[in-house]
Amino acid sequence: MGTLALAAKITHVPSMYLSELPGPRQGFRQAAIDGHHEIGRRCRELGVDTIVVFDTHWLVNANYHINCAAHFEGLYTSNELPHFIANMNYGFPGNPELGRLLAEQCNRLGVETMAHDATTLAPEYGTLVPMRYMNADRHFKVISVSALCTSHFLNDSARLGWAMRQAVEQHYDGTVAFLASGSLSHRFAQNGQAPDFATKVWSPFLETLDHRVVRMWQDGDWQDFCAMLPEYAVKGHGEGFMHDTAMLLGALGWSAYDGQAEVVTPYFGSSGTGQINAIFPVTPQDGAAIPASQASSPAGATATSRL
């Protein structure tokens, strides 16, 4: 019925908002902002009605959660970096119908998920920053999905992504984009050193690792990337343990995905972290490579690894 028209891995660095404001950093994140504008333009061109954001700033300790209120409106200050994002206005429509469909299909596939359509829960800045640049005119409906998952298996996140694609394609009458909102390496600069790392990655190791991963994405080396993702999430300090990336790759077919990433905003450093905007073409998939549900299986329930 419906269509997953666009998938992307995106940055949400709060310095994008700081880049708008008068001062020494004005304009220094324009490339990232331009990348968001381009992704928003392509979504419009493809007829997208709803953007689903896998948000690595929404921390959850149990279950997966979907924020699908009918409308979002407010004034946001980051509790993490209040000197970067303070009193930022936001507003856009939600999509309760699609949010419920996403949760229902995830549960059918063995990934316990809850949709919150009657809620005062506000989105985090992993959703708010991209929507500021992609959706300033409130053209798109928006759904936010928890992707800072502290006690979850990456296999379940991949399966959640696939279930959400099925929900769109089999049960929704519309066109949707999925965005994985999070960095690659996410080792922040040590306190007191942040200004020195405003446009740098924390270490040569992490920067080299990130560049190798981006090359794998561009080359379509998905079997190797999916195999290394759990270790990369740990040793590469992946944001949100890379659950947003697992969700995105699950939606695309996991290790059977046969597309090649298109870099829209080249890799850049920000406060020690590694960032990018990249589009992943959506290709036909049958789901054969999608991992089994792990948390709901007897073997998964006794596993000790967080990842």
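The values are calculated or read from the model by the stated rules, or taken from the named source; none is laboratory data. In this text, all values refer to a predicted model and were calculated from it rather than measured experimentally. Every residue, glycine as well, gets a Cβ built from its backbone with ideal geometry; the counts of neighbours run over all protein chains shown. Just so you know, the surface numbers come from the protein's heavy atoms only, side chains and all, with ligands and any DNA or RNA stripped out. Shrake-Rupley method; radii C 1.70, N 1.55, O 1.52, S 1.80 Å.
Working from label points 7 Å from Cα in the Cα-to-Cβ sense, the Glu80 to Arg215 distance is 2.9 nm.
This structure gives Cα extents along the principal axes in Å, computed directly, and of (i) 52, 40, 34; (ii) 80, 57, 46; (iii) 70, 46, 30 that value is listed as (i). Here the accessible area is traced with a 1.4 Å probe on the protein chains. For the chain, carbon and sulfur cover 51 percent of it.
Distance from the Cα centroid of the stretch 54-73 to that of the stretch 113-190 is 7 Å (rounded to whole angstrom).
Using the Karplus relation 6.51 cos²θ - 1.76 cosθ + 1.60 with θ = phi - 60°, the per-residue 3J(HN,Hα) values for the stretch 195-208 come to x, 6, 10, 4, 10, 10, 9, 4, 9, x, 4, 5, 5, 5 Hz, with x marking Gly and Pro.
Put simply, the Cα atoms of the stretch 183-292 extend 49, 28, 18 Å along their principal axes, the longest span coming first. Take 119-125, 109-115, 64-70 and order them by the average number of nearby Cβ atoms within 10 Å per residue, most first; the result is 64-70, 109-115, 119-125.
Summing Cβ point charges (Lys, Arg +1; Asp, Glu -1) relative to the Cα centre of the stretch 198-307 gives a dipole of roughly 320 debye. Across the protein chains, with a 1.4 Å probe defining accessible surface, the residues Asp156, Asp117 rank Asp117, Asp156 from largest area downward.
For the chain, the per residue solvent-accessible surface stands at 40 Å², with DNA, RNA and ligands left out and a 1.4 Å probe. Taking the Cα centre of the stretch 168-235 as origin and assigning +1 to Lys and Arg Cβ atoms and -1 to Asp and Glu Cβ atoms, the resulting dipole is close to 340 debye.
Using the rule -39500 (n - 2.57) for each DSSP H run of four or more residues, divided by the residues of the chain, the 222 nm mean residue ellipticity is -10500 deg cm²/dmol.
Taking the charge dipole of the chain about its Cα centre, with +1 at Lys and Arg Cβ atoms and -1 at Asp and Glu Cβ atoms, the residue from Ala246, Ser293, Ala163 reaching farthest to the positive side is Ala246. Which residue, chosen from Asn135, Leu59, Trp202, occupies the Cα position most advanced towards the positive end of the dipole of the chain, where the dipole is computed from +1 (Lys, Arg) and -1 (Asp, Glu) charges on Cβ about the Cα centre? Farthest along the dipole direction, towards plus: Trp202.
Bridgeable lysines around Lys235 (alpha carbons under 24 Å apart, same-chain partners fewer than 8 residues away excluded): Lys9, Lys200. Here the spin labels are modelled as points 7 Å beyond Cα on the Cα-Cβ line, and at Leu121 and Glu262 they lie 3.3 nm apart.
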